[in-house]
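Structure first, then comments.
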Amino acid sequence: LCPSLSMSADRPWRGKPVTPSSYVADDGELRELDAAHFCAAGALLWHEVSGGEPRMLLAVERRGETTGAKANFLGGKRDSWAETPRAVAARECWEETGYLLSSAAHAAIEGGARPVAWAPQSKFALFLHELGPEDADLVARISALGGPPNPLHDSTLERVESVPLRCLLDPRWRREELHAFAGLQAAAILPAV
C-alpha cells in the first residue's frame, strides 16, 4: 500500500495490486502492472570522483520529531495518473536538487534510465543513473544555496549529500543511515549495484 497518500479519487492507483516481489529490470521497464499502479519513483544518482571511488547522492530528511535526519534516495510521490515512473523520478530529482540537476540528466532519467528496481512494499520504482560531467559539482552547487535545496517543495529535506556507493553494500550502514523505506529500496537495487 501507499502509506500517507490520501484515499481521494485523484490517486486511483492507491490500493491497486502490484507484483509482490522485488526485482531489477535491466531494460529500465517495470512490469505492466507495476508501471500502472506505482505510488512513487526516484533515482539512485551516482558519479565517479576523479581518482576516487563512485559516490551516490542522497537526500537527508527529517521525518518526525523522534528520529534524527536520515538518508533517502532522491524521489517522491506520483502526482497524477498520467505520470510515468520515469517522469516522476526525473521531476522529483530535479525538484529535490533545487532545480539544479542538469537538463541532460533530467532528460536521461525521463527518457530511458536503466536499470530500474521495484520495491513492492512502498510501490516505489528506483532508477539507476550515472551523472555526467555537467553535474560533477552538483552537491557543491546545492550547498551554495545556503539552506535546504527546495523548502517550498519539501519541508523535510535538509540537504543533499554525496556518499560512497560502497555504503549500500553494508547492511549496518543501511540500517543506521537510511530511512526504513529507503532500506527496502536499497535492498531492491543491490543486485544492480
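The values are calculated or read from the model by the stated rules, or taken from the named source; none is laboratory data. What you see is a predicted model; the values in this text were computed from it and never measured. Using ideal geometry, Cβ is built from the backbone for each residue, glycine included, and neighbour counts are taken over all protein chains shown. Side chains are part of the model used for accessible areas, which takes the heavy atoms of the whole protein and leaves out ligands, DNA and RNA. Shrake-Rupley method; radii C 1.70, N 1.55, O 1.52, S 1.80 Å.
Brief remarks on what is shown
Residues are listed down the side, and each one gets a yes or a no for (1) under 19 Å from residue 110 (Cβ atoms); (2) modelled with pLDDT of 95 or more; (3) of a type in the set (Phe, Trp, Tyr); (4) open to solvent by 10 Å² or more (accessible area, probe 1.4 Å):
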residue	(1), (2), (3), (4)
18	no, no, no, yes
25	yes, no, no, yes
37	no, no, no, yes
45	yes, yes, no, no
49	no, no, no, yes
53	no, no, no, yes
57	yes, yes, no, no
61	no, no, no, no
65	no, no, no, yes
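- Every residue from the stretch 93-118 that is modelled with pLDDT of 95 or more, open to solvent by less than 10 Å² (accessible area, probe 1.4 Å) and within 22 Å of residue 34 (Cα to Cα): 93, 109
- Residue 193 being over 24 Å from residue 21 (Cβ atoms), open to solvent by 30 Å² or more (accessible area, probe 1.4 Å) and either out of contact with any Lys or Arg (no Cβ under 8 Å at 6 or more places or on another chain) or not aromatic (Phe, Trp, Tyr) (or both): no
- Residue match in the stretch 133-154 (condition: of a type in the set (Asp, Glu), open to solvent by 30 Å² or more (accessible area, probe 1.4 Å), modelled with pLDDT under 95 and not in a loop (DSSP other than H, G, I, E, B)): no
- All of (1) open to solvent by 60 Å² or more (accessible area, probe 1.4 Å); (2) closer than 26 Å to residue 37 by Cβ hold for residue 185 with one exception: (1).
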